[in-house]
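Below is one structure, written out as C-alpha cells, with a few remarks after it.
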Amino acid sequence: MTDPRKEFMAQLRRYQMGSISRRHFLGVTGLGTAMAVMASAVPGLRPRPAYAGNIGDKVSLATWPNYHDPKDFEKFKELTGADVEVSVFGSNEEFLAKLQAGGTGWDVFVPTNYTVSTHADLGLIEPLDLAKIPNYDIAAQDARLIGEGTVKGTVYGAAKDWGTTGFAVNTAKVKENPTTWKEFWDLTRSTYSGRVTVHDYQLTTIGNALKYFGYSFNSNDEKELADAEKLLLDSKPHLFAITSDYQPAFRNGDAWLGICWTGDGKQLHRDLPEIIYVLGKEGGEIWTDFYAVPKSAPNREGGYALINFLLDPAVNATEVQFHGQPSTDSRTNKLLPPELLNDPIMYPAADLLSPLEFGSAATFTNPARAEILARFKAA
C-alpha cells in the first residue's frame, strides 16, 4: 500500500521542479483552495518553470512521426509560456541533410544511436551541458542502450527511448502467419501485392532486405548489397507506399503488411487489435533514440528546457504510454503499469532480441546504400 506521506512528498517535489502544474498538485493531494493560499505565502511551494532562464515563446523540435504526447507540450507551455513547434521527419538522412544545409531553426532533434557520432564529428551538434538537464540521470539509464550518445568521452545525446524494427501484420487480412523477413518479402511480391509499405529510410529497408538472404543488417559488402537491391527492385511494383509515416495506411485499410517500429506497432495494436507486431526470426534492428542540441540552435536555452522537461520521469512515463517505445530510464519504468512492462511488443522475448543488431555509423554514411535507396525509389 502506498505511504500517503511519501506520495505527498513525491508530488510536492514534482511541483517544485515544475514537472506538474499547480492545479494538478492541488488536485492529487486534495489540498484544494487551502493549499492555494499557502502557496502564495510559502515561497518553497511555488512551482519553478522547467528551466529557470528566459526561454522565449517558442521551442522548435524536429522529431519522428507519432512520437510525443501533445498534452505534454501543452503542459510545457503552461509551465514555461513557450509553445513547442514540431517538425516531423522520416529518416536520419533527412535530419543530417537539413543540418548540413543550415538554417533549420531547430532547438532540439531526435537522432538515432548510430548517427550521433557522425553529427558530432561534423560539428553539427554540441556537447550537452548536463547541468541544464538535471532530469537526465545517467546512472539511472540502461548502460547497454545509451553508449552511442557519448562520443570520445563526451555526452552528445540524452537517451529518449529504445525499440526494435519489425513488421506489422493485419491478421484480419493476412491469413498466413509470417515470422521471418523471407516470408515478408515473398508475401509482398505475391499474395499481398499492393498492400505493403516499407520505410523511406535506407538503413531499415535495405537492412531488412539483406536479412532475406541471411546477411548482416549492417552489411556494406558489394555483392550482398547488390542482392538486396535486386530484391527491392523486384518488390517495388508490389508496394502500396514507401513511407516512414505508415500508420494512416494501416488505419484506413490500405496497408496490411509493412516494416514497422516498436511504437507504431504498439499504437496500431492498441487501437486495432487485429494488427500485430512481428520481429523477424533472422534478426534485424535494435535502436536507441536520443535528444540532441544542434550547434545552430537559435533558442538553446529553450531546447535544454524542453529536454529536461520531457526527461522528468513522470512526464517521460506519460510519453511512453502514448508512443509505446520503452524507456531507457529505470525511474520512468517504475512509474509504468505492469501491463506495459510485460508487453511483448515493447519488451520482446530474449530469443527474438538476441539476433538484433544496432545500426552502425559506417552503414549510415555509406554512399552506396544511399544510391541503392535512390534507385529503388526512382524505379
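The values are calculated or read from the model by the stated rules, or taken from the named source; none is laboratory data. Since the structure is predicted, the reported quantities are computational estimates derived from the model, not experimental observations. Cβ: placed from backbone, ideal geometry, glycine included. Neighbour counts: every protein chain shown. These accessible areas exclude ligands, DNA and RNA; they are computed on the full protein's heavy atoms, side chains included. Shrake-Rupley method; radii C 1.70, N 1.55, O 1.52, S 1.80 Å.
Brief remarks on what is shown
- Residue within segment 363-376 that is touching a residue at least 24 places away in the same chain (Cβ under 8 Å) and under 16 Å from the mean Cα position of the chain (by Cα) present: no
- All conditions in (1) surrounded by 13 or more Cβ atoms within 10 Å (Cβ to Cβ); (2) at pLDDT below 95; (3) not in a helix (DSSP H, G or I) hold for residue 60, with the sole exception of (2).
- Pairs where the first residue, in segment 92-114, is hydroxyl-bearing (Ser, Thr, Tyr) and modelled with pLDDT of 95 or more and the second is open to solvent by less than 30 Å² (accessible area, probe 1.4 Å) and assigned to a loop (DSSP other than H, G, I, E, B), C-beta under 7 Å, 6+ apart: 112/359; 114/359
- Any chance residue 368 is among the small types (Gly, Ala, Ser) and assigned to a loop (DSSP other than H, G, I, E, B): no
- Taken over segment 160-189, residues that are open to solvent by 50 Å² or more (accessible area, probe 1.4 Å) and either closer than 12 Å to residue 259 by Cα or in contact (Cβ under 8 Å) with a residue 12 or more places away in the chain (or both) amount to 6.
- Of residues in segment 236-253 being under 28 Å from the mean Cα position of the chain (by Cα) and closer than 18 Å to residue 374 by Cβ, the one surrounded by the most Cβ atoms within 10 Å (Cβ to Cβ): 244
- Enumeration of residues in segment 268-286 that are open to solvent by less than 10 Å² (accessible area, probe 1.4 Å) and either polar (S, T, N, Q) or not in a helix (DSSP H, G or I) (or both): 275, 280, 283, 284, 285
- Filtered by the rule that a residue be open to solvent by less than 20 Å² (accessible area, probe 1.4 Å) and in contact (Cβ under 8 Å) with a residue 60 or more places away in the chain, segment 317-338 gives 319, 320, 323, 324, 325, 326, 327, 328, 329.
- Any hit, segment 316-325, residues being closer than 30 Å to residue 207 by Cβ, part of a loop (DSSP other than H, G, I, E, B) and modelled with pLDDT of 95 or more: yes
- Filtered by the rule that a residue be part of a loop (DSSP other than H, G, I, E, B) and either among the charged types (D, E, K, R) or over 27 Å from residue 200 (Cα atoms) (or both), segment 66-91 gives 69, 81, 82.
- Flag for residue 2 being β-branched (Val, Ile, Thr), more than 30 Å from residue 362 (Cβ to Cβ), at pLDDT below 50 and open to solvent by 40 Å² or more (accessible area, probe 1.4 Å): no
- In segment 116-129, the residues that are at positive phi reach residues that are basic (Lys, Arg) and surrounded by fewer than 18 Cβ atoms within 10 Å (Cβ to Cβ) with C-beta atoms within less than 8 angstrom, at least six apart or across chains, in these pairs: 123/295.
- No other residue among 233, 210 is in contact (Cβ under 8 Å) with a residue 12 or more places away in the chain, part of a helix (DSSP H, G or I) and open to solvent by less than 10 Å² (accessible area, probe 1.4 Å) apart from 210.
- Residues satisfying the stated conditions in segment 76-104, i.e. of a type in the set (Gly, Ala, Ser) and open to solvent by less than 60 Å² (accessible area, probe 1.4 Å): 81, 82, 87, 90, 91, 97, 102
- Of the residues making up segment 254-263, just one is touching a residue at least 60 places away in the same chain (Cβ under 8 Å), open to solvent by 10 Å² or more (accessible area, probe 1.4 Å) and not in a strand (DSSP E or B), namely 256.
- Given (1) out of contact with any Leu (no Cβ under 6 Å at 6 or more places or on another chain); (2) on the phi < 0 side of the Ramachandran plot, number of the condition residue 228 does not satisfy: (1)
- Within the span defined as segment 297-315, every residue fails to be in a loop (DSSP other than H, G, I, E, B), open to solvent by 10 Å² or more (accessible area, probe 1.4 Å) and basic (Lys, Arg).
- Some residue of segment 340-361 being open to solvent by less than 10 Å² (accessible area, probe 1.4 Å), assigned to a helix (DSSP H, G or I) and either acidic (Asp, Glu) or farther than 16 Å from residue 142 by Cβ (or both): no
- Matching residues in segment 190-202 - criterion: being out of contact with any Leu (no Cβ under 9 Å at 6 or more places or on another chain) and open to solvent by 10 Å² or more (accessible area, probe 1.4 Å): 190, 191
- The criterion of being more than 30 Å from residue 374 (Cα to Cα), surrounded by 13 or more Cβ atoms within 10 Å (Cβ to Cβ), aromatic (Phe, Trp, Tyr) and modelled with pLDDT of 95 or more does not hold for residue 25.
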